Amino acid sequence: MLNSLEALPPDPILGLSLAFQEDPRSEKIDLGVGVYRDESGDTPVMRAVKAAEKQFLEEETTKAYIPQVGVAEFNAGVLDLVLGRDHPAMVDGRASTVLTPGGTGALRIGAELIKRIKADATVWVGDPTWANHTPILKGAGVNIATFPYYDKESSTVLFSEMLEALDAASPGDAVLVHGCCHNPCGADLGIAEWRQLADLVVAKGLLPFIDLAYQGFGEGLDEDAAGVRLVAEKCPEVLIASSCSKNFGLYRERTGSLTSVAQSAEKAKAAQSHATNVARAMYSMPPAHGAFLAGMVLQQDDLRQTWQEELTAMRNRMNELRALFVRKMADKGSPRDFSFIEQQFGMFSFLGIDKERIQRLRDEFGIYMVGSSRVNIAGISETNIDHLTDSLVEVLKDG
Ligand code: LMR
């Protein structure tokens, strides 16, 4: 039977890392997978996380199962982080959360909940969106429809086109949007646009499903959650998939959460019970280690302060790299204007170049990026910026 299976091509994002590792060129640059890198190209364990881990290992007395919903300190910390302590949904106790294996796990559980609520629900996703959104939703068996989100030519969010498309959604459908630092395009909704989106969602009886994978990577922890909080204020129900992979650097620990904002505390609990019920049949229990660490960082003042300082430094670095890239391209006489990169946030932006140029960058210059021209800004450094910008100017020479 296994004999009938043919090997699949590598994953469009994860496969790049393997190809990069095998490339012997010393000047190669990895702008592929979304992992934060420092100036030396490393992804170190954050100091706050390391300190929490040391303390945790000393104090840990058992490896017995944790409760299915997660780790109390972590769950409470995540709710505060995402919604803020004073949010009406928090004050009313209308928000519940479950620990999940990464943000991906949260997205999958969220999709399963949507299907339980309405068997023929459609989840609307942006064009473009994270390359793994569609496979995750397909895995849950929900219908998928797309709305226009971003135009690579003009480097702008297609907001009115998005609203127009969503007008065709039916009550009970869900709209999957990025809370901040849009992956892959880096272009986010402004607060006025979030308000308009929330109005449409309420008017049409849709369920907002927000992917918050990069909180703290854009403008700040609270600033990056402003859209999510507004939607959770204006809409009676929201699902939020959040991740600790990037902002805590807990990638391989698979630490995320699915938060349900419901119309009452009782319904928030009900949503939580369905989330754990779905998880029970898929993987039974979430991994606990990362949640213990993130929970400690969120709840212990000294660890939290260190973490926020580290996160601020990471965010500033990415924003400075954006500015540096734009300046270098202009100084080197780039035939194209890249100033939009400086207006965008988070780890990603599209260069907006075609497949042939993407391939040339890889073949001739050892520069790796996703086939959509998405680049990981954190993969740029003061050391490689000249090789990157010289090479890019070179492949843009004919237009
Ligand atoms: C990315 O978009 O590169 C990251 O979220 C990693 C992944 O799993 O795709």
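Each DSSP beta bridge with both residues in the chain is either parallel or antiparallel, and the antiparallel ones are about 45%. Straight-line cross-link partners of Lys54 among the lysines, defined as a Cα under 24 Å from its Cα and at least 8 positions apart when in the same chain: Lys63, Lys246. Between amide H atoms placed 1.01 Å from N, distances below 5 Å from Trp124 occur with Ala145, Ala174, Val175, Leu176, all of them 5 or more places distant or on a separate chain. Annotation for the stretch 363-393 versus the stretch 267-345: alpha-carbon center distance of 22 Å. The alpha carbons of the chain occupy a box of 62, 55, 54 Å along the principal axes, longest dimension given first.
Charging the Cβ of each Asp and Glu at -1 and of each Lys and Arg at +1, and nothing else, the dipole of the stretch 117-175 about its Cα centre rounds to 320 debye.
Please give me the summed charge of the neighbours of Gln344: other residues whose Cβ is under 10 Å from its Cβ, Lys and Arg +1, Asp and Glu -1. Taking every Cβ under 10 Å from that of Gln344, the sum is -1. Would the stretch 307-399 count as rounded, prolate or oblate if I go by the C-alpha gyration tensor, calling it rounded below 1.5 in a/c and otherwise prolate when a/b exceeds b/c, oblate otherwise? Note, shape of the stretch 307-399 comes out prolate.
For the chain, the longest principal axis of the Cα atoms and the long axis of helix 355-365 meet at an angle of about 70 degrees. Counting only residues at least eight positions apart within a chain, or on another chain, the aspartates and glutamates with an alpha carbon under 16 Å from that of Lys204 are Glu164, Asp167, Asp173, Glu237. Compute the distance from the alpha-carbon center of the stretch 99-124 to that of the stretch 28-42, in whole Å. So the two Cα centres are separated by 31 Å. For the stretch 1-99, applying the loop criterion from DSSP together with a ceiling of 14 other beta carbons within 10 Å to the GluC sites (Glu not before Pro) yields Glu6, Glu27, Glu39, Glu60.
Here is the list for the stretch 71-159: trypsin sites (Lys or Arg not before Pro) lying in DSSP coil, each with at most 13 other C-beta atoms within 10 angstrom of its C-beta, are Arg85. The charge dipole of the chain, taken about its Cα centre with unit charges on the Cβ of Lys, Arg, Asp and Glu (plus for the first two, minus for the last two), comes to roughly 920 debye. For the stretch 65-299, the solvent-accessible area of protein heavy atoms averages 37 Å² per residue (probe radius 1.4 Å; ligands and nucleic acids excluded).
First select every other residue whose beta carbon is under 12 angstrom from the beta carbon of Gln299; then total the charges, Lys and Arg +1, Asp and Glu -1. Taking every other residue near Gln299 into account, the sum is -3. Within the stretch 51-206, DSSP assigns beta bridges of which about 20% are antiparallel (rounded to the nearest 5). A straight Cα-to-Cα reach below 18 Å connects Lys332 with the lysines Lys397, residues fewer than 8 places away in its own chain not being considered. Per-atom-type breakdown for the stretch 65-299 gives carbon and sulfur 51% of the accessible area (1.4 Å probe, protein chains only).
If you take all other residues with their beta carbon under 15 Å from the beta carbon of Leu18, and give Lys and Arg +1 and Asp and Glu -1, the sum is -2. State log₁₀ I(q)/I(0) for the stretch 65-299 at q = 0.12, 0.15 Å⁻¹ as given by the Debye formula over alpha-carbon point scatterers of equal weight, solvent excluded. Calculated log10 I(q)/I(0) at the listed q: -0.58, -0.95.
The values are calculated or read from the model by the stated rules, or taken from the named source; none is laboratory data. Quantities reported herein were computed from a predicted structural model and do not represent experimental measurements. Positions of Cβ are generated from backbone atoms using ideal geometry, with glycine treated the same way; all protein chains shown enter the neighbour counts. Areas reflect the complete protein model, heavy atoms only, side chains present, ligands, DNA and RNA absent. Shrake-Rupley method; radii C 1.70, N 1.55, O 1.52, S 1.80 Å.
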